[in-house]
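Since the structure comes first, as structure tokens, the remarks are kept for the end.
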Amino acid sequence: MRLARSATVHGALLSAAIALAACGSSGGTGSTAPPPPKGAFCQVVLAWSNAGVGTVNHFSRVSPDAADGSARRRLYFEAWDGLDAISTWVDSAADRAPATVRAGLHTAADQIRATVATGKDAASKLPDRAYELASVQDGTLFVSNEKARAIVYGALDQLRSELGEQVVPRACGRQTEPVTLPVVTPP
């Protein structure tokens, strides 16, 4: 039952992230972000992580069908906007965390926003030909999202080492149930 409920919650969060990536943000950080999910701070961090992966994966799925380079550029920037918007979820996780953890998570959220802004700025400087390929030549969307995740998990690891597992559990913000992915082999 717990696994089914968790899968339902994660599915809903990924759907929200995909919808967010499809819409983009129009007014700055978090302006169109879906509200953070309910739950303890570790659950919100996990939801943020999953939503970021869902946003990047959404771009990967729709990019090959883009009509042209300019349509792909728009989709790419919508994904960046989506990552920026859900960064507010890390702040929400911090607000729900024990007082001794809050500052570290808020700092991580600021670092995420800086990472996303740097990646989006680099994407804006790519020539039109970079958007001719579905994967966006010289793009950094995937790498920036992974770096953002590493920032948060690094902060949680540091806080755990300083404060102990009773404050920051070992699995905090990480997938604890097995995930089965399809195996694809060449024909």
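The values are calculated or read from the model by the stated rules, or taken from the named source; none is laboratory data. None of the values given here were measured: they were computed from a predicted structure. Note that we place each Cβ from the backbone using ideal geometry, even for glycine, and neighbour counts take in every protein chain shown. SASA here: full protein model, heavy atoms, side chains in, ligands and nucleic acids out. Shrake-Rupley method; radii C 1.70, N 1.55, O 1.52, S 1.80 Å.
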Problem set entry | Condition check for G139: within 28 Å of L156 (Cβ to Cβ) and out of contact with any Pro (no Cβ under 8 Å at 6 or more places or on another chain) | yes
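Which of the residues that make up segment 131-145 are in a loop (DSSP other than H, G, I, E, B), open to solvent by less than 70 Å² (accessible area, probe 1.4 Å) and in contact with a Leu (Cβ under 8 Å, 6 or more places away or on another chain)?
Our first condition is that a residue be in a loop (DSSP other than H, G, I, E, B); within segment 131-145, this holds for 133-140.
If we keep only those that are open to solvent by less than 70 Å² (accessible area, probe 1.4 Å) too, we end up with 134, 136, 139-140.
Scanning segment 131-145 gives V136, G139.
Could you list, in sequence order, all residues of segment 146-160 that are open to solvent by 40 Å² or more (accessible area, probe 1.4 Å) and among the aliphatic types (A, V, I, L, M)? Give the derivation first.
To start, the set of residues in segment 146-160 that are open to solvent by 40 Å² or more (accessible area, probe 1.4 Å) comprises 146-147, 149-150, 157-158.
Across segment 146-160, the qualifying residue is only A150.
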For this session: Could you list all residues from segment 62-80 that are in contact (Cβ under 8 Å) with a residue 60 or more places away in the chain and buried (at least 19 other Cβ atoms within 10 Å of the Cβ)?
Result: S63, R72, Y76, A79, W80
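Among the residues of segment 154-175, which ones are closer than 20 Å to A47 by Cα, outside any loop (DSSP other than H, G, I, E, B) and without any contact (Cβ under 8 Å) to a residue 60 or more places away in the chain? Write out each step before concluding.
Within segment 154-175, the subset closer than 20 Å to A47 by Cα is 154-157, 159-160, 167-175.
After this cut, where a residue has to be outside any loop (DSSP other than H, G, I, E, B) as well, the list is 154-157, 159-160.
Once the filter is applied, which keeps residues that are closer than 20 Å to A47 by Cα, outside any loop (DSSP other than H, G, I, E, B) and without any contact (Cβ under 8 Å) to a residue 60 or more places away in the chain, segment 154-175 yields G154, A155, D157, L159, R160.
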